[in-house]
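Shown next, in structure tokens, is the structure this report addresses.
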Amino acid sequence: MRKPLVVGISGGTGSGKTTLTVQIAEHFAPQVAVVFHDSYYKAHNGLGADELNGLNYDHPDAFDNDLLVAHLQALIAGNPVEAPVYDYAVHNRSTKTQPILPAPLILVEGIVLFTEPRLLELCDIKVFVDVEADVRVLRRIKRDVVERGRSIESVESQYLSTVKPMHDIYVEPSKRHADIIVPQGGHNQVALRMLIGAFEAELQNS
């Protein structure tokens with residue numbers, strides 16, 4: 001069995017990295033597995049709502065990287081995994097899991113993906129989606145208010161207290177690990193076509 005091509009896709013909140021990931025996955029389907037770092041938020045069973053709301057979800061330590069690394073290693077070895085499912089409504093991991101099957105192309109997407117050395121080691125190609133801060137903020141507000149039912153006040157508070165500081169400390173510096181930097185995220189169709197072509201060439205040569 002050939003080793004799958006593992007592509008890490010990172011970038012700040014609201015950068016469009018998920019849109020880019022989905023577009024790439026749609027092109028390569030069904031020969032692709034998609035793993036979202038957000039699914040691997042640590043479980044915080046036993047904490048109350050106020051305690052959950054007060055946690056820093058934008059720090060690298062918020063993620064169960066041990067489990068993600070184990071799952072990626074299993075997928076690379078050709079074994080299926082049961083990925084956790086995170087429930088944003090209650091700020092905790094749900095009791096459900098999502099099966100992910102091994103595939104020739106594995107896409108791994110996450111904000112602080114490139115801050116973990118073990119994940120960097122597993123990624124054959126590292127893509128960073130780079131978008132201006134004001135665009136990212138507006139996208140974050142729209143997503144959290146419209147899709148996740150949060151108030152403007154709570155989104156603003158979280159952005160100022162954790163999202164922006166963590167971006168400046170961890171996400172932005174992690175860009176130096178990228179092999180490819182994509183401006184405009186999923187809206188950059190030229191970059192999308194170039195990435196697809198590069199991945200196709202890598203898969204053919206592997």
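Show the residue pairs meeting these rules: Cβ distance below 9 Å; 6+ apart or different chains; first residue within segment 1-25 and in a helix (DSSP H, G or I); second residue of a type in the set (Val, Ile, Thr) and surrounded by fewer than 18 Cβ atoms within 10 Å (Cβ to Cβ).
Final answer for the pair search is GLN23/ILE196; ILE24/ILE196.
Restricting to segment 164-187, give me the number of residues that are within 20 Å of THR21 (Cβ to Cβ) and surrounded by 19 or more Cβ atoms within 10 Å (Cβ to Cβ).
7
So in segment 89-108, with the set limited to residues that are over 19 Å from LYS3 (Cα atoms) and assigned to a strand (DSSP E or B), which one is modelled with the lowest pLDDT?
ASN92
Give segment 188-206 a look and list any residue that's in a loop (DSSP other than H, G, I, E, B) and surrounded by 13 or more Cβ atoms within 10 Å (Cβ to Cβ), or say none.
Across segment 188-206, the qualifying residue is only ASN188.
Applying the selection to segment 183-200, what residues are at negative phi and either of a type in the set (S, T, N, Q) or at pLDDT below 95 (or both)?
PRO183, GLY186, HIS187, ASN188, GLN189
Can you pull out every residue in segment 42-88 that is among the polar types (S, T, N, Q), at pLDDT below 95 and either more than 21 Å from VAL112 (Cα to Cα) or outside any loop (DSSP other than H, G, I, E, B) (or both)?
Selection gives ASN45, ASN53.
Scan segment 111-133 and tell me whether some residue there is modelled with pLDDT under 75 and crowded, with 19+ Cβ neighbours inside 10 Å.
Scanning segment 111-133 turns up no residue that is modelled with pLDDT under 75 and crowded, with 19+ Cβ neighbours inside 10 Å.
Here is a list: THR13, THR19. Which entry is of a type in the set (Val, Ile, Thr), open to solvent by 30 Å² or more (accessible area, probe 1.4 Å) and at pLDDT below 95?
Unique residue meeting the criteria: THR19.
Quick check on segment 145-179: of everything there that is within 18 Å of PHE128 (Cα to Cα) and of a type in the set (Asp, Glu), which residue is modelled with the highest pLDDT?
Among residues in segment 145-179 that are within 18 Å of PHE128 (Cα to Cα) and of a type in the set (Asp, Glu), the one modelled with the highest pLDDT is ASP179.
The values are calculated or read from the model by the stated rules, or taken from the named source; none is laboratory data. Predicted model, so just to flag it, every value in this text is computed and none were measured. Cβ: placed from backbone, ideal geometry, glycine included. Neighbour counts: every protein chain shown. Accessible surface areas use protein heavy atoms only, side chains included; no ligands, DNA or RNA. Shrake-Rupley method; radii C 1.70, N 1.55, O 1.52, S 1.80 Å.
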